[in-house]
Amino acid sequence: MAETELPQIYLISPPEIELSRFPDQLARVLDTTEIACVRLALATKDENHLARAADTIREVTHRRDVAVVIAEHVLLAERLGLDGVHLTDGARSIRKTRMDLGSDAIVGAFCAASRHDGMTAADLGCDYISFGPVGNMNLGDGTIAEYELFEWWSKMIEVPIVAEGALNEDTIALLTPVTDFFGIGEEIWRADDPGLTLCALRAAMK
């Protein structure tokens, strides 16, 4: 990332949403500050619910020229006219996903804190690599994607990277010089005013 550029915000949906309320909430957040992309990352495996949610969110994002990707569900991404897919199995599914969706689709991969998985995913043609969590969480095995990983990547690899998971103002300030995107989700959706909380996190980049 060039020194004069600030990272962009990559917004991640909550794992559960109410379709009667969330689209309006999302619209308000998108109108608060510039967002590069939205990831639909629902916990449900119900394809009908996922499809309804994706349709609704796509209308909100595309109206604002914001890309939307879906976590995992490659077939739904294609069927529903989304901009791409976010894979959570490192580099394992990239080759087939790229063949299924074509060269124009966004294909990103979450690689936890593994430099090796990230490099493999980048070599296979990923559009971005996501590392995290960058702070302590109660999920997973407790491994954290450290500053040194982002610093090394920003110097050595051209494929953009996303920092996500347990972000706060301090980690954002620390990682701003060495990441391209911040994947922000639960950090704001738990707040009374997600848009205001997002603006505070964004201000930490400066």
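If I go through the stretch 67-89 residue by residue, how many of them are among the acidic types (D, E) and under 11 Å from V107 (Cα atoms)?
2
The rows are residues; the columns are (1) among the acidic types (D, E); (2) farther than 30 Å from R21 by Cα.
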site: A54; (1), (2): no, no
site: R58; (1), (2): no, no
site: D65; (1), (2): yes, no
site: G81; (1), (2): no, no
site: R95; (1), (2): no, yes
site: D104; (1), (2): yes, yes
site: A122; (1), (2): no, yes
site: D127; (1), (2): yes, yes
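Give me a count of the residues in the stretch 120-136 that are of a type in the set (A, V, I, L, M, F, W, C) and either assigned to a loop (DSSP other than H, G, I, E, B) or over 22 Å from R39 (Cα atoms) (or both).
The qualifying residues number 3.
With the checklist (1) over 27 Å from I172 (Cβ atoms); (2) modelled with pLDDT of 95 or more; (3) not acidic (D, E) in hand, flag the one item M99 doesn't pass.
(2)
I'm checking my understanding of the structure. Among residues of the stretch 90-106 that are over 23 Å from A36 (Cα atoms) and without any contact (Cβ under 8 Å) to a residue 24 or more places away in the chain, which one is most open to solvent (accessible area, probe 1.4 Å)?
So, considering only residues that are over 23 Å from A36 (Cα atoms) and without any contact (Cβ under 8 Å) to a residue 24 or more places away in the chain, the one most open to solvent (accessible area, probe 1.4 Å) is R92.
Scan the stretch 107-133 residue by residue and report those that are surrounded by 19 or more Cβ atoms within 10 Å (Cβ to Cβ), of a type in the set (A, V, I, L, M, F, W, C) and farther than 11 Å from A145 by Cβ.
Within the stretch 107-133, V107, A109, A121, A122, C126 meet the criteria.
The values are calculated or read from the model by the stated rules, or taken from the named source; none is laboratory data. The structure displayed is predicted, hence computed values, not measured ones. Positions of Cβ are generated from backbone atoms using ideal geometry, with glycine treated the same way; all protein chains shown enter the neighbour counts. For the accessible areas, the whole protein counts, side chains as well, though only heavy atoms, and no ligand, DNA or RNA atoms are used. Shrake-Rupley method; radii C 1.70, N 1.55, O 1.52, S 1.80 Å.
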